[in-house]
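Every number in this text was worked out from the coordinates using simple rules, so none of it is lab data. Every value quoted in this text rests on a predicted model; they were computed, and no experiment measured them. Quick reminder, even Gly has a Cβ in these numbers, built from the backbone with ideal geometry, and neighbours come from all protein chains shown.
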Amino acid sequence: MGNDSQQASSRSQNQQFLVGPSLYLRPVDLDDASTAAIWRPKPFPAPVEAVQDELKQRLEIDSEEELANQLLLICRRDNDMPVGSLTLDMDGWRLVDVDLHLDPLVSEEWKSSITAEVIGFLVPWLLEERNLMAVSVSDLANRPVVEAKVQELSGRIAAHHREKFLIDGARRDRYYYQFFNPIWIEKLGFPDPPAFGPVDRHVTAPARPSLKLASEHRPDTALVVGERLYLRPFEPEEGKLVAQWSLEDTEISYPEGRLILTAHTYGHKHKEMASKEIPSWIRFAVVLRETNELIGCNGLESVDWVHRTAETETELFRPIHRNAGYGTEAKHLLLEYAFEHLGLHMIYSYVSAKNPRSGFALKKQGYREAGRFDWDTFSSDGLSGFWTFDLLASEWRAARDAADQRS
Amino acid sequence: MTTIQTPGTRSDGQTFLIGPSLYLRPVEPDDAGTAPRWGGDAFPRPVEVVQKQIEERLEKGPNAEENHQLLIACRRIDDKPVGSVEMRMNSWRYVSMEFEVDSLLADDESDKMLAEIVEIVITWTIRERNVMVVEFVLRSGLPNTEQVIASIGGRPCVELREFRRYQGRRVAEVWYQVFNPVWVGILDRPPEFPGGPVEREVRRPADKQIVLAEAERLNRAYAVGDRLVLRPLEPDEGGLLTHWSLRETEIVFPEGRWAENGFAIGRHSVKIARRDPPRSLGFAIALRSSDELIGFNSLIHVNWLHCTAETATVIFRPEHRDSGLGTEAKHLLLAHAFERLGLHAVSSYVHETNPRSAAALRKQGYRDAGYVAWDSMSPAGVCGGWLFDLLAEEWRESRDRAKD
């Protein structure tokens, strides 16, 4: 068990798993509030009492629920001091996402070696003892020690989001590594390598210049206006329409099939999101300018106000409005809002591998193919994954301005 | 009984707050349906959510509402809202105003509308409500509005560079003041202080960031310097603040010394830490050698859209002042603001009764951004305060130059 030259501390002495040569993992407890500056993944100072309240909220739940999204501290064996934390976000006990956060005050070299050591004992435990099908671990890109460890464990880069983090005043890329369980590789075969699109790429449907209106042409509730569409808040009572349309849908775009939407829940969700002073999910109704008819919704999900990033999402409710360029027009209005009004730096998107139409649409709009996560969900032919895409604000503006100059 | 009004007739008979094409009226819950026209809110909110916000505002009672009133600017021709003004009365001595105009309109049209709203509201506030001074803040690049402000005797007093994001670019935030001529006759026109040069010497730039050896890490530190650390203020430390505030020997604020309620400050530090993202971040400044609490610094009014904030510092006891500790703590705070939170610029306000703090800011690299007159009561009657600004790129540049 580990390196004998290390003086083992009392706390990890008899620990049988999740122990490496110099580090070990353990569940967080309330007393850890006093070292939150080291392991809490938020750059905002919090007194011990506030962190303890946060921890109580996280820990005073059903134990199954706690295990499904567990927070573990990464500690040094020589003195038991935490050096960071990680969350294990379990997806149906089949897959897990590992999100690491390391002490921001320590050197880059040390952070790399901590990550490599943790991956070295955590991933084998997840695959060989917990018998998960696949493990995803995300980390900053360009850490050779970490990349070597990933290779050693037969993992690979599944996705690469450019400039996703702001670290010490500079933009850093994020890699997502995926590790597959050999037992399942034997049964299912190794998934094809993910594709990464070029940075220099042709944008076939770039944004149009921003539209300014005379007061009398302005739809009362619009926040962004395009030639055929505008974006406005979604009203909770419109949930009834969406629920009705969900049952009338004739197309299956997701591997899990069509969804049954509940009117009240759908409407209430929008009210809840909009009641936050600084929302983390900003959602619009997509509406035809000519008739004020609601045709879809799009939004910015998981908005990170520090790193200035978000995930974009779109749904057009009825087949008659699909394949008509509405999704692309609405998307560019959303991107104009994200980049020009909110000042986001980059956005990303996820698309089911069973929904190539949406993937093509994103590429047309200027998104870059940024990889693929495999074995994510069940589909008619076994297991299916999802693609991810990224887009920088600077790229979106350059494509818009180039198109404007050409016209 | 519902009264159906013919569009364009709502301002008939209105005797004030009315201009050639626009008029102003108090907000009402039904205005929730047109909030994107007048509200200036960057986020989409359903009518029900906005209506609740308006009702909460209006149900605080007539006095509270009058002291913090929201007026909707409408077109006379069709009663359609086009903007708003929010007025905060300060003891009926000065008023601060926030103007909004529909952001979807063409620049020239919105500028003309804003100019008309500004003229209507400010003329009424000065001439009829008899307040001493009106203050308000606008983005730069509004030629029609600037002309109107000058014509009613107003002047720009502060310019915070690159403080606002507007249509994908950075523009300045300009603060204006309009003085009541009656009080100008009594007190004389206050002095003007133009902003300092962009090219300036930074006598005390930030030090290189310290990367800690494994053994040196202090458990609660968010930033570590040569002599200091920044860490959260714990609620039970509030008692120390009360103790020290009552033993203060120096008077630097126009309102004099005050008795800090340590319990309230301690609870506040817990309350603000529960918000994500927070509107303010406060750090205890502690000596690295002993963890002794010596002061507090903070980022207040954090604006996550524009990526700006105001910095503030207090060093609790005289023995820790004038020894460079405030400056070291400030650079740790600025490193956190610019390098970890990604803020683009910060400002700072200093009462003119506190020249030591102003000198410290200049030494740290802040630029003089202007002067707000008649801001507080002072032994000489009234006094004002200086504003300063600092861009992230300037702070980094002076730090890197000093390293070289």
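Structure above, values below:
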{"quantity": "Whole-number D in µm² s⁻¹ for chain B, Kirkwood Cα-pair radius fed into Stokes-Einstein, 4 °C, 1.567 mPa s", "calculated": "55 µm²/s"}
{"quantity": "Residue list for region B:353-368, given a label point 7 angstrom along the Cα-to-Cβ vector of B:ASP188 and an amide N cut-off under 20 Å", "calculated": "B:353-354"}
{"quantity": "B:ARG169-B:GLU98 FRET efficiency (beta carbon distance; Förster radius 30 Å; 0.05 resolution)", "calculated": "0.90"}
{"quantity": "Whichever lysines have a C-alpha closer than 19 Å to that of A:LYS212, once near sequence neighbours (fewer than 8 apart) are set aside", "calculated": "A:LYS331, B:LYS80, B:LYS112"}
{"quantity": "With Cα atoms, 0 to 90° folded angle of helix B:47-58 axis to chain B main axis", "calculated": "80 degrees"}
{"quantity": "GNM result for chain B, Cα springs below 10 Å: residue of B:HIS268, B:HIS331, B:HIS306 fluctuating most strongly", "calculated": "B:HIS268"}
{"quantity": "Relative contact order for chain A, counting Cα pairs under 8 Å that sit 6 or more residues apart, in percent", "calculated": "12 percent"}
{"quantity": "Partners for A:LYS56 among aspartates and glutamates (Cα-Cα distance below 20 Å; same-chain residues under 8 apart left out)", "calculated": "A:ASP29, A:ASP31, A:ASP32, A:GLU64, A:GLU65, A:GLU66, A:ASP89, B:GLU234, B:ASP276"}
{"quantity": "Value at 222 nm in deg cm²/dmol, rounded to 500, when DSSP H runs of n ≥ 4 in the protein assembly as shown each add -39,500 (n - 2.57)", "calculated": "-8000 deg cm²/dmol"}
{"quantity": "Region B:1-110 shape via C-alpha gyration tensor axes, a/c threshold 1.5", "calculated": "rounded"}
{"quantity": "Residue order, fewest to most surrounding Cβ atoms within 10 angstrom, among A:THR312, A:THR262", "calculated": "A:THR262, A:THR312"}
{"quantity": "Ranked packing of B:105-115, A:62-72, most packed first, by mean Cβ within 10 Å", "calculated": "B:105-115, A:62-72"}
{"quantity": "Label-point separation in nm, A:VAL145 to B:LYS52, each point 7 Å along Cα→Cβ", "calculated": "4.9 nm"}
{"quantity": "FRET E, pair A:ILE320, A:ASP89, Förster distance 51 Å, beta-carbon r, rounded to 0.05", "calculated": "0.85"}
{"quantity": "Overall form of region A:203-323 per C-alpha gyration tensor (a/c, 1.5; a/b vs b/c)", "calculated": "rounded"}
{"quantity": "Förster radius 51 Å - calculated FRET efficiency between B:SER151 and A:ARG289, Cβ distance, rounded to 0.05", "calculated": "0.85"}
{"quantity": "Estimated distance in nm for a label pair at B:ARG88 and A:ILE185, the labels positioned 7 Å out from Cα along Cα-to-Cβ", "calculated": "6.1 nm"}
{"quantity": "Cβ neighbours within 10 Å from other chains - mean over B:34-42", "calculated": "4"}
{"quantity": "Average beta-carbon neighbours from other chains, 10 Å sphere, peptide A:213-219", "calculated": "6"}
{"quantity": "Cα-based shape type of region A:307-373, given that a ≥ b ≥ c are square roots of the gyration tensor eigenvalues and the cut on a/c is 1.5", "calculated": "oblate"}
{"quantity": "Pair-distance profile P(r), taking every C-alpha pair of the protein assembly as shown, with 10 angstrom steps and integer %", "calculated": "2, 11, 20, 23, 21, 14, 6, 2, 0, 0"}
{"quantity": "Span from the region A:271-313 Cα centroid across to the region B:157-219 one, whole angstrom", "calculated": "33 Å"}
{"quantity": "Rounded to the nearest 20 debye, dipole of region B:330-375 from Cβ charges on Lys, Arg, Asp, Glu", "calculated": "220 debye"}
{"quantity": "On Cα atoms only, tilt of B:355-364 relative to the major axis of chain B in degrees", "calculated": "80 degrees"}
{"quantity": "Extension gain, A:GLU152 back to A:LEU261 (0.36 nm per residue minus Cα-Cα distance, nm)", "calculated": "34.8 nm"}
{"quantity": "Euclidean distance between Cα centres, region A:110-149 to region B:282-352, Å", "calculated": "37 Å"}
{"quantity": "Cα long-axis angle, helix A:356-365 against chain A (0 to 90 degrees, to the nearest 10)", "calculated": "80 degrees"}
{"quantity": "For B:270-279, mean number of other protein chain Cβ atoms within 10 Å", "calculated": "6"}
